[in-house]
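This report refers to the structure that appears directly beneath it.
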Amino acid sequence: MIRALAQKVFPIVGHLEGQPRVTGLWLSADVLDRRPGQLTVHYRGYFAGVPLESVQRVTLQPPHRVEFRQTRGGLRALQGLYSLQPVEGETELTMTVEADIGIPLIPDAAAARVLRGYVERTLDKIKLTAERELPRVVRRPKEEPAAQPADAAAAAAAEEAVVRVEPAEAEAALSAVPPPVPEAPALVPTERKRRRRRRRGRRRTSSPSPPSD
């Protein structure tokens with residue numbers, strides 16, 4: 001399944017000059033004759049290491065079908081088709097190939113592996129080419145757009161509550177705090193000694209003097 005419309009996939013399949021870029025079988029493709037809906041193409045490549053040429057008549061039926069048939073070449077027979085079926089905005093692409101190799105050096109099992117690889121590689125390359133230029137769409141959950149403004153508004157409100165403080169509120173907050181109680185200064189030992197000496201001196205002067213003879 002290709003994530004692209006058939007109208008986009010069909011030009012890739014029908015671009016026969018570009019077939020060597022999407023297959024592992026052909027190395028070159030030259031259009032010998034071009035008519036409305038039909039082309040004659042001369043392919044050159046290798047089949048299981050053996051050089052191969054094939055002249056094919058290709059019929060284009062846009063946007064759903066491409067048929068090809070060998071008219072002359074190194075194989076006894078070769079024919080196939082591409083079928084494009086649209087499925088819900090995507091395209092189901094299938095490729096069918098029928099061949100009679102007729103090369104003595106290549107056994108049937110090896111020929112079947114080559115044909116299977118040719119079909120698989122062609123389909124993979126067409127899919128990669130058709131999906132290469134698709135735009136990348138990043139879908140976010142519906143909750144995120146609603147949550148982001150709420151978080152931003154809450155953060156802004158919190159910031160305003162911290163930064164914007166009215167002068168009257170600041171003065172009332174400061175007046176509500178009780179002033180600190182001053183601590184009584186501690187008496188220094190030297191001052192106590194001085195007070196005691198003064199008291200003793202006063203007592204001596206107040207005592208009566210003895211009578212004289």
query = What is the number of the single condition among (1) open to solvent by 70 Å² or more (accessible area, probe 1.4 Å); (2) at pLDDT below 95; (3) among the polar types (S, T, N, Q) that residue 61 does not meet?
reply = (2)
remark   = Of the residues in region 88-101 that are in contact (Cβ under 8 Å) with a residue 24 or more places away in the chain and farther than 18 Å from residue 68 by Cβ, the one that is least open to solvent (accessible area, probe 1.4 Å) is 91
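Yes or no, residue by residue, for (1) touching a strand residue (DSSP E or B) at 6+ places or on another chain (Cβ under 9 Å); (2) closer than 24 Å to residue 128 by Cα; (3) part of a strand (DSSP E or B); (4) modelled with pLDDT of 95 or more:
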| residue | (1), (2), (3), (4) |
| --- | --- |
| 43 | yes, yes, yes, yes |
| 54 | yes, no, yes, yes |
| 72 | yes, no, yes, yes |
| 75 | yes, no, no, yes |
| 83 | yes, yes, yes, yes |
ask   = Hey, residue 1 hits all of (1) in contact (Cβ under 8 Å) with a residue 40 or more places away in the chain; (2) surrounded by 16 or more Cβ atoms within 10 Å (Cβ to Cβ); (3) under 34 Å from the mean Cα position of the chain (by Cα) but one; which does it fall short on?
value = (2)
query = Just a yes or no: is a residue in region 42-62 touching a residue at least 40 places away in the same chain (Cβ under 8 Å), farther than 23 Å from residue 6 by Cβ and under 42 Å from the mean Cα position of the chain (by Cα)?
reply = yes
message = Need the failing condition index for residue 52 against (1) in contact with a Lys or Arg (Cβ under 9 Å, 6 or more places away or on another chain); (2) hydrophobic (A, V, I, L, M, F, W, C); (3) open to solvent by 60 Å² or more (accessible area, probe 1.4 Å); (4) more than 18 Å from residue 126 (Cβ to Cβ), just the number.
response = (3)
inquiry  = Looking at 72, 76, 21, 34, can you tell me which residue is touching a residue at least 40 places away in the same chain (Cβ under 8 Å) and surrounded by fewer than 15 Cβ atoms within 10 Å (Cβ to Cβ)?
reply    = 21
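The values are calculated or read from the model by the stated rules, or taken from the named source; none is laboratory data. Predicted, not measured: the structure shown is a model, and the values here were computed from it. All Cβ positions, even for glycine, are placed from backbone atoms using ideal geometry, and neighbour counts span all protein chains on display. Side chains included, ligands, DNA and RNA excluded: accessible areas come from the protein's heavy atoms. Shrake-Rupley method; radii C 1.70, N 1.55, O 1.52, S 1.80 Å.
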